[in-house]
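S.K.: One structure coming up, written as structure tokens, with questions to follow.
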Amino acid sequence: MKNGRTISIKDPKLQRIRNNFRLIILEECSRRKSEIRNQEYNFTRDKDGNYVKPSEEGVNILQKLNDKSWEIERPLRASIVKCALCGKHNRDMTYHQKSHSWYCVQCYKRRLSWLDSFHIKILYYWANHIKTSGFHN
Ligand SMILES: [Zn+2]
């Protein structure tokens, strides 16, 4: 996808249909993540709701549940369904290539220089982190 490309819908009826589709996706993702959180809760709480340290098997299951949650969240964050900055779903979206993410037109215009510098800072951070931690060896 080309940097700065905006997907825009002018017709209010089509906007409503787009927004409703996005909402259906968001609600389904939210429902699935809520189920995962409930399962996580059961592994870390006793019947009175007090925290209990999970067993080694429980830790493994919690890690798998966390991975499962990210399998939902990661594609959602990179999708056009909601703005990666403000989270709104009912706006036209613009693609930002460096972050491989979609932002609403308002956030994109207001924060473009910040987005560019922010992602450059992250690249520098990871470059230094990999260099200092010896991760590349
Ligand atoms: Zn936004």
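S.K.: Can you give me the distance in nm between label points at R111 and Y51, each placed 7 Å from the Cα along the Cα-to-Cβ direction?
M.R.: In this crude spin-label approximation the distance works out to 3.0 nm.
S.K.: Ignoring everything except DSSP H segments at least 4 long, calculate the 222 nm mean residue ellipticity for the chain; use -39,500 (n - 2.57) per segment, divide by total residues, nearest 500.
M.R.: -22500 deg cm²/dmol
S.K.: Nearest 10 degrees is fine. How inclined is helix 105-133 to the longest principal axis of the chain, computing both from alpha carbons?
M.R.: Once rounded, the angle reads 50 degrees.
S.K.: Continuing with the same structure: If one takes the longest principal axis of the Cα atoms in the chain, at what angle in degrees, from 0 to 90 and to the nearest 10, does the Cα axis of helix 56-78 lie?
M.R.: Here the helix axis deviates by roughly 0 degrees.
S.K.: Turning to a different aspect of this structure: Given H placed on each backbone N at 1.01 Å, which residues far from R45 in sequence or on other chains put an amide H within less than 5 Å of it?
M.R.: Amide H neighbours of R45: V52.
S.K.: Right, next: Where Rh denotes the Kirkwood radius from the mean inverse Cα pair distance, what is Rg over Rh for the chain?
M.R.: 1.09
S.K.: For a quick check: with amide H placed at 1.01 Å from N, whose amide H comes under 5 Å from L85's, ignoring anything fewer than 5 positions away on the same chain?
M.R.: C104
S.K.: Still on this model: Determine the alpha carbon to alpha carbon distance for each of K68/K109; K13/K98; K2/K109; K64/K109 and list only those over 27 Å.
M.R.: K68/K109; K13/K98; K64/K109
S.K.: Is there a quick way to get the dipole size of the stretch 6-109? I mean about its Cα centre, with the Cβ of Lys and Arg at +1 and of Asp and Glu at -1; what is the value in debye to the nearest 20?
M.R.: So the magnitude is around 680 debye.
S.K.: Pairing the Cα long axis of helix 12-44 with the longest principal axis of the chain, what angle in degrees results, from 0 to 90 and rounded to the nearest 10?
M.R.: The two axes meet at around 10 degrees.
We did not get these values from a lab; they are worked out from the coordinates using the rules stated. These figures come from a predicted structure and were not determined experimentally. Note that each Cβ is placed from the backbone with ideal geometry, even for glycine, and that neighbours are counted across all protein chains shown.
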